[in-house]
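**Q** Structure provided below as structure tokens; questions to follow.
Only the coordinates and a few stated rules stand behind these numbers; no lab work does. Worth saying up front: this structure is predicted, and the values here are computed from it rather than measured. Cβ: placed from backbone, ideal geometry, glycine included. Neighbour counts: every protein chain shown.
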Amino acid sequence: MSLSAQAVGHARLHQLAQTHQLKALMTIIRDQNTPRGDFVFYSDRVIRLLVEEGLNYLPVVNKEVITPMGVPFQGVAFEGRICGVSIMRAGESMEQGLRDVCTSVRTGKVLIQRDERTAQPKLYYSKLPKDIANRWVLLLDPMLATGGSAIKCIEVLLEAGVKEERILFINLICSPEGALAMLEQFPKLQIITAEIDEGMDQQKFILPGLGDFGDRYFGTE
Ligand code: URA
């Protein structure tokens, strides 16, 4: 079975519903001719969909309320608290989308870069909510290529006491290789993504991809 087919069929890799709307949004942000303002606007729309989908994986408890009609309604309420952690720099683009849905959500940051000497991902900076060990974590990074940085970041979260099954990796586009590497290394991790692409080029850019997300979003091309 091809890597793409394995990724698409993986039980813990959740793709957004492949609706016409999502396809149209992704077509705009993948287009090399899309101006930066539109890239940011339409990326933000997809990020919003991703965060909303991620919240579907949080546990709930039964809750009864009384409607204005004086009638009881058997509903649910979220159980447990969440926080966001963005992988700098591109992941920071997803923080506002998280705040739009979860007001005043706590948000940590992690900076991981390739160590030129060892060629391994190296942690340069992390600032996490103090009580992160008691929270569900929405880990934010728009592009999952090899998975090196994201894997390192999850190791940082686990060292901080976060339970693996409480980590939801929220991502716009993933390569099958990167997604499968993460899911294999962390058997309780869940990934929520908009689209699973075909692979990577020699420089580890995702194909067909959308180029450098951070550069296009922050205007540093
Ligand atoms: N990061 C990006 O911004 N784009 C890719 O294709 C891969 C990693």
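**Q** Output ³J(HN,Hα) for region 152-165: one whole-Hz value per residue in order, computed from phi by the Karplus curve 6.51 cos²θ - 1.76 cosθ + 1.60 with θ = phi - 60°, and x for Gly and Pro.
**A** In residue order, the calculated couplings are 4, 5, 5, 4, 5, 5, 5, 5, 7, x, 5, 7, 4, 6 Hz.
**Q** Rounded to the nearest 0.05, what FRET efficiency do T220 and E79 have when you use their Cβ-Cβ distance and R0 = 41 Å?
**A** Details: r = 40 Å, r/R0 = 0.99.
With a Förster radius of 41 Å, E is 0.50.
**Q** Work from the charge dipole of region 1-131 (Cβ charges, +1 for Lys and Arg, -1 for Asp and Glu, about the Cα centre) and give the residue of A24, T103, P68 farthest towards its positive end.
**A** Value computed over the given set: T103.
**Q** Calculated FRET efficiency, A119 and A24, Cβ-Cβ r, R0 30 Å, to nearest 0.05? Please report the intermediate quantities before stating the final value.
**A** On the way: r = 39 Å, r/R0 = 1.30.
It comes out at approximately 0.15.
**Q** For n ≥ 4 DSSP H runs only, could you compute -39500 (n - 2.57) per run for the chain, divide by its residues and tell me the 222 nm figure to the nearest 500?
**A** Working: 7 runs with 72 residues, N = 221.
Helices in the chain give a 222 nm mean residue ellipticity of -9500 deg cm²/dmol.
**Q** Let me know the Kirkwood hydrodynamic radius for region 4-117, please, with Cα pairs as the basis and the value in Å to one decimal.
**A** By the Kirkwood definition, the hydrodynamic radius is 17.4 Å.
**Q** Using only Cα atoms, locate the centre of region 1-77 and the centre of region 116-143, then give the distance between them in Å, rounded to an integer.
**A** 23 Å
**Q** Quick check on packing: order 129-141, 48-60 by the mean number of other C-beta atoms within 10 Å, highest mean leading.
**A** Values: 129-141: 20.5, 48-60: 16.8.
Output ranking for 129-141, 48-60: 129-141, 48-60.
**Q** Additional query: Using θ = phi - 60° and the Karplus form 6.51 cos²θ - 1.76 cosθ + 1.60, what ³J(HN,Hα) does each residue of region 206-221 get, whole Hz, x for Gly and Pro?
**A** 6, 10, x, x, 8, x, 8, 4, x, 4, 6, 6, 8, x, 10, 5
**Q** Okay, moving on. Working from the pairwise distances between different alpha carbons, so that the mean of 1/r is found and then inverted, what is region 53-93's Kirkwood radius in Å?
**A** Details: mean 1/r = 0.0766 Å⁻¹.
When all Cα pairs of region 53-93 are included, the Kirkwood radius is 13.1 Å.
**Q** A follow-up question, please. At q = 0.09, 0.10 Å⁻¹, what base-10 log of I(q)/I(0) does the Debye formula yield for the chain when every alpha carbon is treated as an equal point scatterer in vacuo?
**A** So the normalised log intensities work out to -0.37, -0.45.
**Q** Would you mind ranking R36, R216, R106 by Cβ crowding within 10 Å, fewest neighbours first?
**A** Details: R36 13, R216 20, R106 16.
Result, fewest neighbours first: R36, R106, R216.
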